[in-house]
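Presented below is the structure to which this report refers.
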Amino acid sequence: MTETRVYPDRGSLAAGLAEQVAVELNKAIRKRGRATLAVPGGETPRTFLTELSLQKVEWDCVSVILTDEHFVPESSEHSNGRQVRTLLLQNLAAEAQFHPFYHEVSEPEDALPLIATDLHEVLPIDVCILGMGTDTRVAALLPNSDQLEEALGLWAPTVMVVRDHEDGEPRFTLTAPVLERARKAHVLIVGEEKKVTLREAQKVGLVEDAPVRVILNRARATTIHYAD
């Protein structure tokens, strides 16, 4: 089940989504004493992350995780963790606890046990924010990739390494079961091209062909936030 909210501009979207997420985090904290927030990387959520850092939340009770990450240190401009620390973990949100995926190991697979152990303490996700690529990817789940079947499986591990990206970089990604179990989910969409892509993905079809269907077709409600 999905609900779509359309905003007059991208600034309004960022502010409106930040307010909604703050409400949901505070409700989770009141109910369970803590909350876990999952956020994406990339250009699209940057303004949203800054807006969210200004919201009144009991941030010392919030654990922040990523939906996906490059296998690069935070000194790299490609690091999603760097973006979280720079844009979200400031202002009122400076007290939130961040759980990065990157570890200084030889191969990304060597980090998986460390990440899984860390995530075990903070899952399930209370509020999950996802972007979507023009190819319908969410997190680092790519359509028709070699590892997608495993990542979509009921018994998939919490986090996987995928290597099918066009840039050749290995990436960490949360798997479908983790995303599906998020208590609240929001998909952030901007621009006409992604709107058209989303409409196609909302039609009946295989998840393998459009991984965003993982979150669109889940049993719990998902909210789509759109602006041109």
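The values are calculated or read from the model by the stated rules, or taken from the named source; none is laboratory data. Because the structure is predicted, anything quoted here is derived from the model rather than measured. All Cβ positions, glycine included, derive from the backbone under ideal geometry; neighbour counts span all protein chains shown. These accessible areas exclude ligands, DNA and RNA; they are computed on the full protein's heavy atoms, side chains included. Shrake-Rupley method; radii C 1.70, N 1.55, O 1.52, S 1.80 Å.
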- Query: For residue 158 and residue 203, FRET efficiency with R0 = 30 Å and r from the beta-carbon atoms, rounded to 0.05?
  - Reply: 0.50
- Given H placed on each backbone N at 1.01 Å, which residues far from residue 222 in sequence or on other chains put an amide H within less than 5 Å of it? 2, 3
- Query: For the range 31-43, in order, what is each residue's ³J(HN,Hα) by Karplus, 6.51 cos²θ - 1.76 cosθ + 1.60 with θ = phi - 60°, in whole Hz (x at glycine and Pro)?
  - Reply: 7, 10, x, 7, 8, 10, 10, 10, 10, x, x, x, 6
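Roughly speaking, what % of Cα-Cα pairs in the range 134-228 are separated by over 23 Å, rounded to a whole number? Before the final figure, lay out each step's value.
Numbers: 989 of 4465 pairs.
So the portion of pairs separated by more than 23 Å is 22 percent.
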- Message: P(r) for the range 112-172, please, calculated from all Cα pair distances in 5 Å bins and given in %.
- Response: 3, 15, 22, 28, 19, 10, 2
- Inter-label distance, nm, simple model (7 Å from Cα along the C-beta direction), residue 75/residue 46: 2.3 nm
- Message: Cross-link candidates for residue 195: which lysines have Cα within less than 26 Å, leaving aside residues fewer than 8 places away along the same chain?
- Response: 184, 203
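If each DSSP helix of 4+ residues adds -39,500 (n - 2.57) and the sum is divided by the residues in the chain, what number results at 222 nm, nearest 500 deg cm²/dmol?
Numbers: 8 runs with 67 residues, N = 228.
Calculated mean residue ellipticity at 222 nm is -8000 deg cm²/dmol.
Based on the alpha-carbon gyration tensor of the range 2-107 and its eigenvalue square roots a ≥ b ≥ c, which shape applies: rounded if a/c is under 1.5, prolate if not and a/b is larger than b/c, or oblate? List each step's numbers first, then the result.
Numbers: a/c = 1.94, a/b = 1.31, b/c = 1.48.
Here the range 2-107 falls in the oblate category.
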- Keeping all protein chains in place, calculate the accessible area per residue for the chain (probe 1.4 angstrom), answer in Å². 46 Å²
- For the chain, what proportion of DSSP beta bridges, expressed in % and rounded to the nearest 5, is antiparallel? 25 percent
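When the Kirkwood hydrodynamic radius is evaluated over all pairs of different C-alpha atoms of the range 55-174, what value in angstrom, to one decimal, is obtained? If you can, show how the numbers build up before the last one.
Working: mean 1/r = 0.0657 Å⁻¹.
With all distinct Cα pairs of the range 55-174 included, I get 15.2 Å.
Taking a ≥ b ≥ c as the square roots of the Cα gyration tensor eigenvalues, with a/c under 1.5 meaning rounded and otherwise prolate when a/b beats b/c, else oblate, which class fits the chain?
Numbers: a/c = 1.37, a/b = 1.04, b/c = 1.32.
Rounded, because the longest to shortest axis ratio a/c is under 1.5.
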- Pop a pseudo-label 7 angstrom from the Cα along the beta-carbon direction at both residue 223 and residue 104 and give the gap in nm to one decimal. 4.1 nm
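How high is the relative contact order of the chain? Use alpha-carbon pairs under 8 Å, at least six apart in sequence, and give a whole percent.
Values: 464 pairs, mean separation 57.6, N = 228.
That works out to 25 percent.
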- With all protein chains present, how much of the accessible area of the chain (probe radius 1.4 Å) comes from carbon and sulfur, to the nearest whole percent? 48 percent
